[in-house]
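The values are calculated or read from the model by the stated rules, or taken from the named source; none is laboratory data. Just so it is clear, the model here is predicted, and its values are computed rather than measured. Because the Cβ atoms are built from the backbone with ideal geometry, glycine has one as well, and the counts that use them run over all protein chains shown. Heads up: the accessible areas ignore ligands, DNA and RNA and are worked out on the full protein's heavy atoms, side chains in. Shrake-Rupley method; radii C 1.70, N 1.55, O 1.52, S 1.80 Å.
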Amino acid sequence: MSEVAKERSELEQSLVAKLSHLPLSQETAWLSKLRAEAAKHVIEHGLPASKNEAWRFVPMNDLLASSFDSLSDAPVQPSAHRNSSQAPVLCQNGSYSLKKQKHLSGLSITTLHAANTKDKEAMAFFLARIAKQRDAWFELNTALFSDLLWINVEKGAQIKTPIDVEYIISRSSGNALVHPRVLITLGESSECTVVEHFLPAQDSAGLHLSNSVVETVIGANANLHHFRIFSGSEQDYHLYQYHARIESDGHLDSHSYSMQGAFRREDLSITLNAQGSECSLEGCYITDNDEFSGHYTTVEHTCPRALSAQRYRGVLAAQSQAVFDGGIKVARDAQKSSATQENHNLLLSDSAVIHTKPQLQIDADDVKCSHGATVGQLDPVQMFYLRTRGIDEQHAKALLTYGFVRELLQAAQNLPVFKALQTTLLSRLGAEQVLEELC
C-alpha cells in the first residue's frame, strides 16, 4: 500500500471508491479517456493537504474528515434564493438548464448533453487543454463533472447583454458535492460579459461543497468582462478554479466578490500568450466569525509587451482567516512587460488572521514590475473626526470599512446583479443603516 493510500482521509476514501468505478463506457471516446486519466491522477496522488505549500494555511480538516454524495442524479428542488428568474443559465446540483433567450447574433450557449456533433468537437479541442496548473481538485472535476456549459462568442460579435449564470445546491439532507464545469471562448475582436453568482444552498442540513472549474480562451483583440459573486451560507464550501489564455491585444478584466460562506478558495491562472495581451484582476473579500477566504493568483507573461494588474482588498472580523497568494512570472523573452500587484487588508479584530504573500519571478531584464501588501486597522484619526461630527463608534467603523472596499464595486454598478451585491456587502459590514441615515 502506498503512503498516499495509508493516509487517505474520509473524503479521499469515498472519492477513490467512486473514481474506481466510473461508468466510462457510457461516454464518448475522447471524454472517456480524459476522465480516466483524471481519475488515475486523483487515485494515485490524493487531494492536496496542509503539507503542500499552496494549501498550507487552508483549513481543510472539516472537509477532509467528511464524505459527500454526488448530486448529479438527485431531484432538483425549486430555488428560493435566485436573484432573477431572467438569468439565462441556472446550474443546480451541477446540472445546467438554459432559459430560452432572444437570439443574439454571434453568441451561442449550450451544454455537453445538448450539443451537436460540431460543438462536441470544439469542446473536445479545448477541454482540459487550457489550464497550465492542474491540481487534484481540477482532475477531480474533470473526472466527475455531470455536464459542461459552453459559452461561445464568434469572431467580431459584440454581446452587450451580460450573460448571467446562477449556481445553487439543492437537496433535503446530508453532505453534497457538485462539480460545475464551464468553457468560455471568444473569437477575434469579440466582446462579452459573464456574471457567475454562487447563491446560498437551498437547505441548511449538512455541508455543501462546490468544486468549480472554468476554462477560457480570449482571442486576438477580444475583450471578456468576468464577474464572480460568492454569497453562500455557513454550510457552503467553494473551491473555484479559473484558467485563461489571452492572445494578442486580447483583454480580460476579472472581478471577484467573496462576500459570504464558511469556506471560499479561488485560484486564478492567467497566461498572457501574445504581444499586447492584458489582464486586470480585482478582488474583494469579507470574512466574519470562523469563515475562511483564499485568493491565489498566477499571471504568466510569456511574450513581450504584455500587461497585468492585480488589486485585492480584504476586510476580516472576529476569528476569521484569509489568504492572498499572488504570483507574477515573467519569462526570459517577455521584455517590456508591465506588471503590478496590490493587496491591502483591514483587520477589525485582534483575532482575525491574514496571510499575504506576493511573489515575483522575473527572468527578463527590461520590465516594470511592482507589488505591495499592507495589513492594518481602522485609522484612529479618521475615527476621531467622524466621532466629533456626532457619528457613534459603531456607525463610524461601518462607514470607514465601506469606504475601504467601495471603489472595487464600481466595475459592477451597471450589472443587474449590482443591487443584490451591494445589499449583501453593506449587510456584512453593518453599514446599510449608516448609509441610509447619512444619505
* Asked: Averaged per residue, what accessible surface does region 123-282 expose to a 1.4 Å probe, in Å²?
  -> 24 Å²
* Would you work out the charge dipole size for the chain about its Cα centre, treating the Cβ of every Lys and Arg as +1 and the Cβ of every Asp and Glu as -1, and quote it to the nearest 20 debye? => 660 debye
* Asked: Of all the accessible heavy-atom surface of region 317-425, with the other protein chains kept in place and a 1.4 Å probe, what percent is carbon and sulfur?
  -> 47 percent
* With each pseudo-label sitting 7 Å past Cα toward Cβ, what's the ASN61-ALA115 distance in nm, one decimal? -> 4.2 nm
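Divide by every residue of the chain the summed helix terms, -39500 (n - 2.57) for each DSSP H run of at least 4, and state the resulting mean residue ellipticity at 222 nm, rounded to the nearest 500 deg cm²/dmol. Please report the intermediate quantities before stating the final value.
Details: 10 runs with 95 residues, N = 439.
That comes out to -6000 deg cm²/dmol.
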* Asked: What is the set of long-range amide H partners of SER146 at a cut-off below 5 Å, with H atoms built 1.01 Å from backbone N?
  -> HIS179
* Positive minus negative residues near SER293 (Lys, Arg vs Asp, Glu; Cβ under 14 Å) -> -3
* Which of VAL375, ALA396, ALA411 sits closest to the plus end of the dipole of the chain, meaning its Cα is farthest towards the positive end, when Lys and Arg get +1 and Asp and Glu get -1 on the C-beta? -> ALA411
* **Full-stretch length increase - ALA205, GLU44 - with 0.36 nm per residue and alpha-carbon distance subtracted** => 54.8 nm
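By the scheme Lys and Arg +1, Asp and Glu -1, what is the net charge of all other residues having a beta-carbon under 10 Å from that of ALA136? Show your work: numbers first, answer last.
On the way: positive: ARG134; negative: GLU12, GLU44, ASP135, GLU139.
Surrounding charge for ALA136 is -3.
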* **Gap separating the Cα centres of region 177-191 and region 342-420, nearest whole Å** => 30 Å
* Which entries in LYS329/LYS357; LYS100/LYS160; LYS118/LYS155; LYS99/LYS419; LYS100/LYS419; LYS397/LYS419 show an alpha-carbon gap greater than 20 Å? -> LYS99/LYS419; LYS100/LYS419; LYS397/LYS419
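Counting Lys +1, Arg +1, Asp -1, Glu -1, what net charge surrounds THR271 among other residues with beta carbon under 11 Å of its beta carbon?
Numbers: positive: LYS132, ARG245, LYS329; negative: GLU247, GLU300.
In short, +1.
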* Estimated distance in nm for a label pair at ALA17 and PHE125, the labels positioned 7 Å out from Cα along Cα-to-Cβ -> 4.2 nm
* Asked: Once a ≥ b ≥ c are taken as the square roots of the eigenvalues of the Cα gyration tensor of region 210-299, is the result rounded (a/c under 1.5), prolate (a/b larger than b/c) or oblate (a/b not larger than b/c)?
  -> prolate
* **Hz values of 3J(HN,Hα) by residue in region 351-361 - Karplus curve (6.51, -1.76, 1.60), Gly and Pro given as x** => 8, 6, 10, 10, 10, 10, 9, x, 9, 10, 10
* To do: Take the alpha-carbon positions of the chain, form their convex hull, and give its projected area averaged over all directions (one quarter of the hull surface) in nm².
  => 22.1 nm²
* Asked: Amide H to amide H, which residues 5 or more places from ARG264 or on other chains are under 5 Å from it, using H placed in the peptide plane?
  -> HIS238, PHE292, SER293, GLY294
* To do: In whole angstrom, note down how far apart the Cα centers of region 113-167 and region 30-72 are.
  => 21 Å
* **Contact order normalised by residue count of region 305-392, Cα under 8 Å, 6+ apart, percent** => 34 percent
